[in-house]
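Reading through the structure tokens given below for one structure.
The values are calculated or read from the model by the stated rules, or taken from the named source; none is laboratory data. Values in this document were obtained by computation on a predicted structure and should not be read as measured data. Don't worry about glycine lacking a Cβ; one is built from the backbone with ideal geometry, like all the others, and counts go over all protein chains shown. In case anyone asks, the SASA skips ligands and DNA or RNA and just uses the protein heavy atoms, side chains included. Shrake-Rupley method; radii C 1.70, N 1.55, O 1.52, S 1.80 Å.
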Amino acid sequence: MNQTLQNWLAEQIQSLKDQHLYKVPRILQTPAGGRVRMDGREVVNLSSNNYLGLANHPKVRQAAIEAIEKWGVGAGAVRWIGGTMEVHDELERRLAQFKQVEAVLVFQSGFTANSGTIPTIMVEGDVIISDELNHASIIDGVRLSNAEYRKSEGWVYNHKDMDHLEQILKRANEKGFKKKMIVTDGVFSMDGDIAPLPTIVELAEKYDALVMVDDAHASGVLGKNGAGTTSHFNLYGRVDIQLGTLSKALGVMGGYIAGSALLKDYLINRGRPYLFSTAHPPMVAAALIAALDIMENDPEPMQRLWANAKWWKENLANLGFDTMGSETPITPVYCGDEAKAVQMEKMLWEEGVYALSICYPTVPRGKARIRTMPSAAHTEEDLAFALEAFRKVGEKLGVIGATAGQK
Ligand SMILES: *Cc1c(COP(=O)(O)O)cnc(C)c1O
């Protein structure tokens, strides 16, 4: 072992601990669900992206099992060198219909869809204009690009600030970039608020920019049958690049880019994760087709998701918690102080509730919170149980009544 490395690692870890950022993954001992066993404890899980409860749905499981019988467990190659099976192709056709776009290309994950698409499309001579709260995978994709994008050079706009975005677009036009991309989360992953997509699209049209929206947290949650923010705002045909994830509400694994046939064609030829990383196992594609069948034909899971989210938010607010203006099932519970949020997470765990604290620098300093996500997998009893734990712990820590103020 290189001692310089070992010393450096130890220092870094200590620094993370000092900042309340050190993480130890808990181990799940049951399938994903509303109530799970983790590290030997039965808990209500409020930290899962399994929005529709599809991760352990009998029909989705069955489709995966049948696909193993038919196709085996691995694709054996990257997509373009013989790793594309009929199920992969069928999934993309089904997703294109679902999204009402010309074409869809599936990547291994939402993360690789972002990191594989943004630098491929946006090149030298272009500019990328980002919301300051965009997801890490967008940021990594942007950093891989040879386009202009830096915050220090003024290409990042204040969160959802449309006047600021317009100023930046004007400046971009004056500088004469070839292509201009506005990129935003559809639903912001930490705060649960929704991007002002209609205004973004109008501004993009006015200033000849293209729009990319990352719908990881809108897939299965917003729009017709969960088709995302473009559907939610009825902006069909006006969003150039939509990213969806197959790992959250769809319950399995993967990410996709929805857009024009030309876009797909180009990404097949140039998207590095597509070209150089192996295709999904066929059972993943088959399970996703089954998940999509459920989303398109059974409105019940999405209705239950929203009913649970509404109940959870209303009851937290009634108790005096600040849920920070969230508009979607992602529900932050404001704590303020970092140490308090970390303590709250620990005490909730003792009460049988798994919900994680989110601290600086993931969110601004002094705006620490517990992030909760009710889902269709929760029963009324699960949520009532969790609410009682929040009441008890919130009272003890003096978090009830604490407010982040106007956002
Ligand atoms: C989770 C997430 C991703 C990554 O999706 P995976 O399929 O889990 O890789 C991308 N963007 C946003 C906004 C996310 O929340």
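Prolate is the label for the stretch 165-217, because a/c, from the alpha-carbon gyration tensor with a ≥ b ≥ c as root eigenvalues, is 1.5 or above and a/b exceeds b/c. Dipole orientation for the stretch 299-397: of the candidates T328, W312, A341, A341 has the Cα lying most toward the positive pole (charges on Cβ; Lys, Arg +1; Asp, Glu -1). Take the cross-link list K313/K367; K180/K367; K346/K367; K99/K180; K99/K313; K17/K160 and give me the ones stretching past 21 Å between alpha-carbons. Violating the 21 Å Cα-Cα cut-off are K180/K367; K99/K180; K99/K313; K17/K160. Here the accessible area of the chain is 51 percent carbon and sulfur, with a 1.4 angstrom probe and all protein chains present. Bridging of K151 to aspartates and glutamates at a Cα separation below 19 Å is possible for E124, D126, D131, E132, D140, D161, D163, E166, E174, D185, once same-chain residues fewer than 8 apart are set aside. Backbone phi angles across the stretch 231-240, fed through the Karplus curve with coefficients 6.51, -1.76 and 1.60 (θ = phi - 60°), yield HN-Hα couplings of 6, 3, 9, 6, 10, 3, x, 10, 10, 5 Hz in residue order; Gly and Pro are listed as x. Taking the Kirkwood radius as Rh and the Cα radius of gyration as Rg, the stretch 299-397 has a ratio of Rg/Rh equal to 0.96. Shape class for the stretch 1-145, computed from the alpha carbon gyration tensor (a ≥ b ≥ c): oblate, with a/c not under 1.5 and a/b at or below b/c. In this structure the amide hydrogen of D214, modeled in the peptide plane, comes within under 5 Å of the amide hydrogens of T184, D185, G186, L243, none closer than 5 places in sequence on its chain.
Projecting the Cα atoms of F107, L275, N45 onto the charge dipole of the chain (Cβ charges, centred on the Cα centre) puts L275 farthest toward the positive pole. Take 70-82, 198-210 and order them by the average number of nearby Cβ atoms within 10 Å per residue, most first; the result is 198-210, 70-82.
Computed about the Cα centre, the dipole magnitude for the chain is approximately 460 debye when only Lys and Arg (+1) and Asp and Glu (-1) carry charge, each at its Cβ. Amide H contacts of Y157: S130, D131, E132, each under 5 Å away and 5 or more positions distant or on a separate chain (H built 1.01 Å from N in the peptide plane; Pro and chain starts excluded).
Here the dipole of the stretch 299-397 is about 360 debye; that uses its Cα centre as origin and unit charges on the Cβ of Lys and Arg (positive) and Asp and Glu (negative). For E124, neighbours were defined as the other residues whose beta-carbon sits under 11 Å from its Cβ, and their charges (Lys and Arg +1, Asp and Glu -1) total 0.
Its alpha carbons considered, the stretch 58-297 gives a radius of gyration followed by a Dmax of 17.6, 59 Å. Note on the stretch 1-120: with charges restricted to the Cβ of Lys and Arg (+1) and Asp and Glu (-1), its dipole about the Cα centre is near 360 debye.
A dipole drawn for the stretch 58-297 from +1 and -1 charges on Cβ atoms has a positive end, and of V183, Q167, M122 the residue lying farthest that way is M122.
With viscosity 1.567 mPa s and temperature 4 °C, the Kirkwood radius over alpha carbon pairs of the chain converts through Stokes-Einstein to a diffusion coefficient of 58 µm²/s. Taking θ as phi - 60° and the Karplus parameters 6.51, -1.76 and 1.60, the scalar couplings of the stretch 274-279 work out to 5, 6, 10, 9, 4, 5 Hz in sequence order, x denoting glycine and proline.
The packing ranking of peptides 33-45, 212-224, highest mean first, is 212-224, 33-45, where packing means the average number of other beta carbon atoms within 10 angstrom of each residue.
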